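Quick note: the coordinates plus some simple rules give every number you see, no bench work behind them. Predicted model only: the values in this text are computed from it and were never measured. Here the Cβ positions follow ideal geometry from the backbone for every residue, glycine too, while neighbour counts run over all protein chains shown.
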Amino acid sequence: MSEYNGEVRKMMIILSKASLENVYAAFVLANGARMEGIEAEMFFTFFGLEAIHNKKLEHLHVATVGNPAMHMPTMIGGLPGMEALATNLMKKEMEKLDMPEVREFLEILQASGVKLWACKLAMEMFHYEKEDMFPGLDGVLTVGDFYKQGSGIGTHMLFI
Amino acid sequence: MEKLIAGKNIQVNEEGYMTDFSQWDKAIGEELAKENNIELTAKHWELIQYIQNEFKAESPLTIRKIGKSGVVDIKEFYALFPVGPLKTATKIAGIPKPAGCI
């Protein structure tokens, strides 16, 4: 803690889900780190891979089921079209705050120097190739490689 | 609080941001840039002018807006102000630190 006075120097953010609210949380934290002069790297694993899958990243939804904070009964949240409705409402609110769409946000992160990594195991599990993913992806890594990326004093890891 | 810079007394907050933009001038901008280890180029000045205009228009600054400013793209913005770009740029420009999270 003595070196850098306990300051955060680098954020390693692991995204394991692709419901829109989780994806945005991860993106805002990564961008926010860069804006504060903190390094940031992201590791997309399991369903988090959808957020960097070229054909899927523009079609992510807010979760309306299994989310008590939506204040919506699970049965209703499960009705056809509810996810799309909730997603549209959320997107409208985010647009007011100048929040970019997922692809533009990824481009901003990349331009800001955030490293974007896909998890090797999850890529194999879903039968995805690097070519299927967002072109700005920095590479496909094992867990061990990702930890190595995070070595050094002042690194913090976050799992979403 | 008061701060003496470039031969002038200016009002700043505890983080060093100027609280009265009318006190700002280019010489102060130069000194504030030096304090933040930035050597100002023509491109820096162009961007400072842009964010000051946005401030005067009361239009909140975000990284997305900088990218669409037509002055720099986001990569160039980080090249001009490598550490905390919007925080540093607003400090040099004599305007408040942006309050948003994006």
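Which entries in A:K91/B:K97; B:K3/B:K34; B:K8/B:K75; A:K55/A:K115; A:K10/B:K75 show an alpha-carbon gap greater than 23 Å?
A:K91/B:K97; B:K8/B:K75
About the Cα centre of chain A, how large is the charge dipole given +1 on each Lys and Arg Cβ and -1 on each Asp and Glu Cβ? Please answer in debye to the nearest 20.
My answer is approximately 200 debye.
For chain B, build the charge dipole from Cβ charges (+1 Lys, Arg; -1 Asp, Glu) around the Cα centre, then report which of B:M18, B:G70, B:T41 sits farthest towards its positive end.
It is B:G70.
Using a Förster distance of 45 angstrom, determine the FRET efficiency expected from the C-beta separation of B:Q23 and B:E76, and round it to 0.05.
0.95
Quick check on chain A: helices-only [θ] at 222 nm, where DSSP H runs of length 4 and up contribute -39,500 (n - 2.57) each and the sum goes over total residues. Nearest 500, please.
-10500 deg cm²/dmol
Looking at A:G77, A:V102, A:A33, which one has the Cα that reaches farthest to the positive end of the dipole of region A:1-110 (charges on Cβ: Lys, Arg +1; Asp, Glu -1)?
In region A:1-110, that residue is A:G77.
Could you grab the relative contact order for region B:2-93? Cα pairs under 8 Å, six or more apart, rounded to a whole percent.
26
Where the only charges are on Cβ atoms (+1 Lys, Arg; -1 Asp, Glu), what is the dipole of chain B about its Cα centre, to the nearest 20 debye?
Dipole magnitude for chain B comes out near 300 debye.
Using Cα-Cα distances under 8 Å and only pairs 6 or more residues apart, what relative contact order does chain A have, in percent?
Over chain A, the number comes to 35 percent.
Show the residues, 5+ positions off or on another chain, whose built amide H is closer than 5 Å to the amide H of A:M157.
Long-range HN contacts for A:M157: A:M12.
Quick one: work out the % antiparallel among DSSP beta bridges in region A:8-159, nearest 5.
Given both bridge residues lie in region A:8-159, the antiparallel proportion sits at roughly 5 percent.
Using a 7 Å offset from the Cα along the Cα-to-Cβ direction at both A:L89 and A:K55, what is the distance between the two label points in nm, to one decimal?
3.2
Say R0 is 41 Å: what FRET efficiency, to the nearest 0.05, do B:S59 and A:N5 get from their beta-carbon distance?
Efficiency at R0 = 41 Å is approximately 0.70.
Mind checking which of A:Y147, A:F47, A:A86 is farthest towards the positive end of region A:8-159's charge dipole, using Cβ charges of +1 (Lys, Arg) and -1 (Asp, Glu) about the Cα centre?
Toward the positive end, the furthest listed residue is A:Y147.
How much FRET efficiency would the formula 1/(1 + (r/R0)^6) give for A:M75 and B:A6, where r is the Cβ-Cβ distance and R0 is 51 Å, rounded to 0.05?
The value I calculate is 0.15.
Tell me the relative contact order for region A:1-64 as a rounded percent, counting alpha carbon contacts under 8 Å between residues six or more apart.
41
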